[in-house]
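Following: one structure in structure tokens, then a few remarks.
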Amino acid sequence: MAEARPARRRRAGWADPLFRGGTAVVAALVIATVLGVLVVLLKDSMLSVRKFGFSFWSTRTWDPVAGEFGALPFIWGTLYSSVLALLLATPVALGIAIFLAELCPGWLRQPLAFLTELLAAIPSIVYGLWGIFVLAPAVRVLEVHTPEILRRTALFSGPPLGVGMLAAALVLAVMVIPFTATVAREILKAVPVAQREAAYALGATRWEAIRLAVHYGRVGITGAVMLGFGRALGETMAVTMVIGNNPQVSLSLFAPQHTMAAVIANEFTEAADALYLNALVEIGLVLFIITVVINGLSRLLIWRMGRTKARPMVATPEVALAA
């Protein structure tokens, strides 16, 4: 027995450094992968970078025949569709999360949570088919019946085609909802029960207690929303099938437009010459940079929110709810 103990101590002596080294290597693989992707994108887009420079980001012309390439229509379409999807999806996702975490009957909670998570597992091509056969005709009906006074504005101008920015934003919103709702639900479930009990002790209603719970978990909920935003930025197939794939910069919700991921998917196999191929790879580089910047800004926002000290609970629920 006494001989076994030194053996265990010897094994423990090298097991901890081995475990730390192994996990450090795995963590380093993440950094190496990101840097590797950046290096490959830079290397394979260098011809386009040298010819167009930063004007590639601000040029609207995309003409493979003439050898003129600009990424502005695709940058605009990607950001516009993603922001619209976020505006549409966030209230719905938060409503689902609050209902599941705070209000849902016990017998319905698990089936509804399962169905919400199931939406995230549906392939994007299926969403695209649903968008073509169901959503696009419905959007076209909406476009046809849009009042003429609204159609004269830049936001609702354009022919009633069905496919376009509005259809793409709606499809993206449906795809974003399960990610945001699932994470936000877990955040709300993690709010300490003492917070709710303190609100009830101050005379708060159930609605007011839920507001306090949402305020308590605002940092995590913001992270859930940004996770959905990142999901929307990189979506390809579903958006490609319903956005119309027309490289233009337009405010119109009805106009067919384009995204960075969609143009790569559509035209990569058609890139016959080196400049065309390098321009498509540079669009991938632009998408990579935009994604990194937006995620970095979101992490900075969450960090600043996390540093903000929570205001103390006070004697009246009205003052507490104003916090």
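Some notes on this structure:
- Any hit, segment 193-200, residues being surrounded by fewer than 22 Cβ atoms within 10 Å (Cβ to Cβ) and either small (Gly, Ala, Ser) or touching a strand residue (DSSP E or B) at 6+ places or on another chain (Cβ under 6 Å) (or both): yes
- Just one of the listed residues (Thr240, Thr269, Thr180, Thr222) is open to solvent by 60 Å² or more (accessible area, probe 1.4 Å), β-branched (Val, Ile, Thr) and part of a helix (DSSP H, G or I), namely Thr269.
- Scanning segment 96-132 for residues that are over 30 Å from Trp207 (Cα atoms) and open to solvent by less than 40 Å² (accessible area, probe 1.4 Å) returns Ser124, Tyr127, Gly128, Gly131.
- Among the residues of segment 37-49, at least one is among the hydrophobic types (A, V, I, L, M, F, W, C) and closer than 30 Å to Thr182 by Cα.
- Residue identified as open to solvent by less than 10 Å² (accessible area, probe 1.4 Å), under 24 Å from His258 (Cα atoms) and touching a residue at least 40 places away in the same chain (Cβ under 8 Å) among Leu161, Leu172, Leu155, Leu135: Leu172
- Restricting Leu227, Leu212, Leu188 to residues that are of a type outside the set (Lys, Arg), part of a helix (DSSP H, G or I) and open to solvent by 50 Å² or more (accessible area, probe 1.4 Å) narrows the list to Leu227.
- Subset of segment 82-95 [surrounded by 19 or more Cβ atoms within 10 Å (Cβ to Cβ) and farther than 17 Å from Leu227 by Cβ]: Leu84
- Residue list for segment 117-137, restricted to those being in a helix (DSSP H, G or I) and β-branched (Val, Ile, Thr): Ile125, Val126, Ile132, Val134
- Within segment 75-116, being aromatic (Phe, Trp, Tyr) and more than 17 Å from the chain's Cα centre (by Cα) holds for Phe99, Trp107, Phe114.
- Among the residues of segment 138-152, the ones that are assigned to a helix (DSSP H, G or I) and open to solvent by 60 Å² or more (accessible area, probe 1.4 Å) come to 7 in all.
- Residue check for Ala15: closer than 26 Å to Leu233 by Cα and either open to solvent by less than 50 Å² (accessible area, probe 1.4 Å) or modelled with pLDDT under 90 (or both): no
Residues are listed down the side, and each one gets a yes or a no for (1) of a type outside the set (Gly, Ala, Ser); (2) outside any helix (DSSP H, G or I); (3) touching a residue at least 24 places away in the same chain (Cβ under 8 Å); (4) open to solvent by 20 Å² or more (accessible area, probe 1.4 Å):
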{"site": "Leu275", "(1), (2), (3), (4)": "yes, no, yes, yes"}
{"site": "Leu280", "(1), (2), (3), (4)": "yes, no, no, no"}
{"site": "Ile283", "(1), (2), (3), (4)": "yes, no, yes, no"}
{"site": "Leu287", "(1), (2), (3), (4)": "yes, no, yes, yes"}
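- Criterion (exposed (fewer than 12 other Cβ atoms within 10 Å of the Cβ) and either at pLDDT 90 or above or within 14 Å of Val281 (Cα to Cα) (or both)) met by exactly one of Val25, Val37: Val25
- All positions within segment 165-207 that are of a type in the set (D, E, K, R) and at pLDDT 85 or above: Arg185, Glu186, Lys189
The values are calculated or read from the model by the stated rules, or taken from the named source; none is laboratory data. This is a predicted model, so every value here is computed, not measured. Backbone-built Cβ (ideal geometry, glycine too); neighbour counts: all protein chains shown. Only protein heavy atoms, including side chains, enter the accessible area calculation; ligands, DNA and RNA are left aside. Shrake-Rupley method; radii C 1.70, N 1.55, O 1.52, S 1.80 Å.
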